[in-house]
């Protein structure tokens, strides 16, 4: 359902599709991973290079961001660095918003549109993902060299490979909340202790999943406390 004009932005997630520059709108593809979300009375998201967060205030269609704090990872190239600077500067100038269908426009004090977003779709999780890192209980570790654990989301079931065995389970999803039921797997012995440990960590992580976030071609699964369980890509 499209959000009505004046509806609270709380609990919504968005992907940047274009920004204003020199009298025109510059398109931004979803692979850039530039996002915006409104959760628990705070604003946050990704610039494509870094994550950011801060407070916001909304009064009807009036909207203003507080001071934003961001991580300090270097962007891989000047184009992404420029996009990050433009995005954060535009957010600081936002004073109102307009919703039309599944599009969100953020405007400055004069009503000029600065940023255009599309509503994030939980259904984007469907399909196959490659696991790149997982929570081992002590840290987030990269997968074992040469292994390719996977996770595939169908309409009602997940499945994939741990690097040793095939597994499957049913899941339920509501908006960006996610719960995986008991995971069943084949019983082939792993060829190494490292792969066996990876398999155990992956299956345990799946049964703790409570929510997820998609940024471009990257998927992150979280537990109920917001801790990262799995990083995936495609």
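Bear in mind that the values in this text are calculations on the coordinates, not laboratory data. What you see is a predicted model; the values in this text were computed from it and never measured. Counting neighbours? That spans all protein chains shown, and the Cβs are built from the backbone with ideal geometry, glycine included.
A few comments on the model shown:
- Full-stretch length increase - residue 81, residue 108 - with 0.36 nm per residue and alpha-carbon distance subtracted: 7.5 nm
- Rounded to 10°, Cα long-axis angle of helix 193-206 versus longest principal axis of the chain: 50 degrees
- Estimated from helical segments only, the mean residue ellipticity of the chain at 222 nm is -4000 deg cm²/dmol, where each DSSP H run of four or more residues counts as -39500 (n - 2.57).
- Using a Förster distance of 35 Å, the FRET efficiency for residue 74-residue 187 (Cβ separation, nearest 0.05): 0.20
- Length-normalised contact order of region 1-146 in % [C-alpha pairs under 8 Å, at least 6 apart]: 21 percent
- Spacing of the modelled spin labels on residue 95 and residue 225, each 7 Å from Cα toward Cβ, amounts to 4.4 nm.
- When the Gaussian network model of the chain links Cα atoms closer than 10 Å, the mean-square fluctuations of 125, 214, 140 top out at 140.
- Answer label for semi-axes √(5λ) of the Cα gyration tensor in Å (calculated), chosen among [x] 44, 18, 15; [y] 37, 19, 15; [z] 41, 16, 16: [y]
- Efficiency of FRET between residue 41 and residue 200 - r from beta-carbon atoms, R0 35 angstrom, step 0.05: 0.40
- Angle in degrees between helix 78-93 and the longest Cα principal axis of the chain, rounded to the nearest 10: 60 degrees
- Point-to-point label distance, residue 144-residue 170, nm (Cα→Cβ direction, 7 Å offset): 3.2 nm
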